[in-house]
Amino acid sequence: MIFTRPRVFVAEYFAAEARRDGVMETERGALDMKKLKSKTLRRGSKIGIVAPASPIKDPAALETGVEILEEHGYQAVLGESLRPAEGYLAGSDFERRGDLERLWRDESVDAIWCLRGGYGSVRVLPDLYLGLIEKRPKILVGFSDITGIELGLWRLTGLVSFHGPVLTTLESDFTISQAFRMLSGEAVGTALPWPGADKSGYVLFRDGVVTGPLLGGNLSLICSLLGTGYFPNLEGAILFVEETEEPAYRVDRMLTQLLLSGALEAVAGIIVGRCQPVPGKEEKEIIEVFAERLAKLRCPAAYGFPIGHIRDQWTLPQGITVEADLGKGELILAESPFQN
């Protein structure tokens with residue numbers, strides 16, 4: 001593993017004007033949004049590790065994640081905000097943002113992998129150096145709270161990031177293999193595999209085959225972006241959502257908020273990941289809420305995809321055109337998430 005050194009950048013680097021240079025037109029629908037794609041991950045590539053949200057409590061979790069990357073032939077470059085810390089943030093907003101930008105600026109680093117979710121990633125969005133990200137598109141991987149950065153960067157720059165396991169949730173062979181298969185460009189054109197042949201837990205709400213840009217992530221984070229300049233235009237999109245350990249009434253409230261906002265009126269379809277219920281409650285309560293609320297849209301929708309806070313999960317590219325056959329529970333990438 002490789003440790004980065006703290007650096008002091010000139011004031012111009014952090015100037016608001018520089019952060020906003022090159023910002024695209026942001027009112028485009030998902031169908032006609034310009035896409036900013038990175039290069040594929042290759043054996044030997046350097047992967048920068050950052051913590052843009054909450055800290056880890058146990059350094060062994062970081063060590064295990066780094067070992068997995070190295071076992072698969074990659075080099076880990078560690079940021080400065082990865083140390084265990086008290087509280088709910090892995091460092092100040094300046095430190096966490098600086099870590100992300102420092103590794104993005106490093107031309108030897110091919111990808112950025114987030115250490116964990118938690119809370120705090122949205123706080124770094126207002127001052128991110130967007131010109132740097134547009135100039136040097138890179139793979140960005142994470143889920144849960146990292147949804148905020150992924151959707152914010154899609155809205156502002158068109159960056160194709162990847163909603164997949166954070167470093168501390170590389171816990172199963174399925175999750176690990178699917179992540180590296182996606183990031184190496186091998187997942188295009190065939191249905192993404194399920195961890196079980198019987199698609200256990202899959203519930204069809206409304207049948208249909210739909211095609212469109214795939215966008216989404218954690219339900220709480222999607223709702224947190226409503227009313228801001230970071231919420232994506234979902235017109236024509238296939239929206240995917242996931243959540244964990246939220247009571248049914250709160251899931252209901254979030255879905256109702258999205259419905260009342262009008263943000264879902266023109267979505268092509270909705271796919272929902274398996275949601276871990278609050279301890280002591282049953283998953284069927286959450287399924288019933290999704291079924292009732294999503295029925296208002298009358299678009300194809302289904303529950304139970306391997307997305308989110310589960311042991312076996314997919315890695316999904318934000319903004320890439322996919323075909324979803326809800327009757328079969330199939331998702332196929334119809335477009336490469338990488339540069340030609």
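The values are calculated or read from the model by the stated rules, or taken from the named source; none is laboratory data. Every value quoted in this text rests on a predicted model; they were computed, and no experiment measured them. Because the Cβ atoms are built from the backbone with ideal geometry, glycine has one as well, and the counts that use them run over all protein chains shown.
Just to be sure before I move on: is L153 outside any helix (DSSP H, G or I) and touching a strand residue (DSSP E or B) at 6+ places or on another chain (Cβ under 6 Å) in the structure I sent? Judged against the criteria, L153 is not a match.
Under the condition of being surrounded by fewer than 18 Cβ atoms within 10 Å (Cβ to Cβ) and assigned to a loop (DSSP other than H, G, I, E, B), the residues counted in segment 26-45 number 9.
So that you can scan it fast, the table gives a plain yes or no per residue for (1) acidic (D, E); (2) crowded, with 21+ Cβ neighbours inside 10 Å:
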{"site": "D99", "(1), (2)": "yes, yes"}
{"site": "S121", "(1), (2)": "no, yes"}
{"site": "L125", "(1), (2)": "no, yes"}
{"site": "W154", "(1), (2)": "no, yes"}
{"site": "L159", "(1), (2)": "no, yes"}
{"site": "L167", "(1), (2)": "no, yes"}
{"site": "G185", "(1), (2)": "no, no"}
{"site": "S200", "(1), (2)": "no, no"}
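Listed by first and then second residue, the pairs with beta-carbon distance under 7 Å, at least 6 apart or on different chains, first residue in segment 70-81 and free of Cβ contacts under 8 Å to residues at least 40 places away in the same chain and within 16 Å of S184 (Cα to Cα), second surrounded by 16 or more Cβ atoms within 10 Å (Cβ to Cβ) and of a type outside the set (S, T, Y), are Y74/I47. Look at segment 274-300: where a residue is within 11 Å of D252 (Cβ to Cβ) and a partner is of a type in the set (V, I, T) and surrounded by 20 or more Cβ atoms within 10 Å (Cβ to Cβ), sitting 6+ places away or on another chain with Cβ atoms under 6 Å, you get I286/V251; V289/V251; F290/V272. Scanning segment 102-123 for residues that are closer than 19 Å to F162 by Cβ and touching a helix residue (DSSP H, G or I) at 6+ places or on another chain (Cβ under 9 Å) returns W104, V109, A111, I112, W113, C114, L115, R116, G117, G118, S121, V122. Enumerate the pairs (first residue in segment 145-158 and farther than 14 Å from P213 by Cα and at pLDDT 95 or above; second residue anywhere and among the charged types (D, E, K, R) and surrounded by fewer than 23 Cβ atoms within 10 Å (Cβ to Cβ)) with beta-carbon separation below 6 Å, excluding pairs fewer than 6 apart on the same chain, so at least 6 apart or on different chains. Pairs found: T157/E134.
When restricted to residues that are in a loop (DSSP other than H, G, I, E, B) and over 21 Å from I146 (Cα atoms), segment 278-319 contains 11.
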